[in-house]
Amino acid sequence: MVYNLYTVEWVDEWSGGWDTYDSMVVCASSERDARNWHPGGCLMEQVNADDKHPSWCHPSKTHLLEVHHIGTAVATLEPGVIAASFNAG
């Protein structure tokens, strides 16, 4: 299967604070699948949705993420997070 590369950015009123991710590059089969990754490397369904200080958008708000197709992945690349930007505080 051929996968695509996407940039995914968190750009709402809660993004951009300390100890949060603001963006990532993801290998995925579709834009929808790219939204389902957490920049920490796991799928959003594995994230604690009750976390009071989330490091990424809430799983119910992934539709608000900005996703852009940037290319096609090499055949040997598996789906997942390639790189992520974290604002350490």
Checklist entry - For the chain, what is one quarter of the convex hull surface built on the Cα atoms, given in nm²? => result 5.5
Checklist outcome for this item: Contact order relative to length for the chain, counting C-alpha pairs under 8 Å separated by 6 or more residues, stands in percent at 48
Checklist outcome for this item: With R₀ set to 22 angstrom, the calculated FRET efficiency between the beta-carbons of GLU78 and GLU9, to the nearest 0.05, is 0.45
Checklist outcome for this item: Here FRET efficiency (C-beta to C-beta, SER29 to ASP51, R₀ 30 Å, nearest 0.05) is 0.65
Next on the checklist: Please list, in order along the stretch 70-86, the HN-Hα scalar couplings obtained from phi with the Karplus expression 6.51 cos²θ - 1.76 cosθ + 1.60 (θ = phi - 60°), rounded to whole Hz, x for Gly and Pro.
Outcome noted: 10, x, 10, 6, 5, 4, 8, 7, 8, x, x, 7, 8, 8, 9, 9, 10
Checklist entry - In what sequence, highest mean first, do 26-33, 79-86 appear when ranked by Cβ atoms within 10 angstrom? => result 26-33, 79-86
Checklist outcome for this item: Phi-derived 3J(HN,Hα) across the stretch 44-51 with the Karplus relation (6.51, -1.76, 1.60, θ = phi - 60°), rounded Hz, x for Gly and Pro, is 4, 5, 9, 8, 6, 5, 8, 4
Next on the checklist: What does the net charge come to around LEU43 if you take all other residues with beta carbon closer than 11 Å to its beta carbon, with K and R at +1 and D and E at -1?
Outcome noted: -1
Checklist entry - What spacing in nm lies between the two simple spin-label points modelled at LEU64 and MET44, each 7 Å away from Cα in the Cβ direction? => result 1.2
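Just so you know, all these numbers are worked out from the coordinates, no wet-lab data involved. Just so we're clear, the structure is a prediction, and the values are computed from it rather than from any experiment. Quick reminder, even Gly has a Cβ in these numbers, built from the backbone with ideal geometry, and neighbours come from all protein chains shown.
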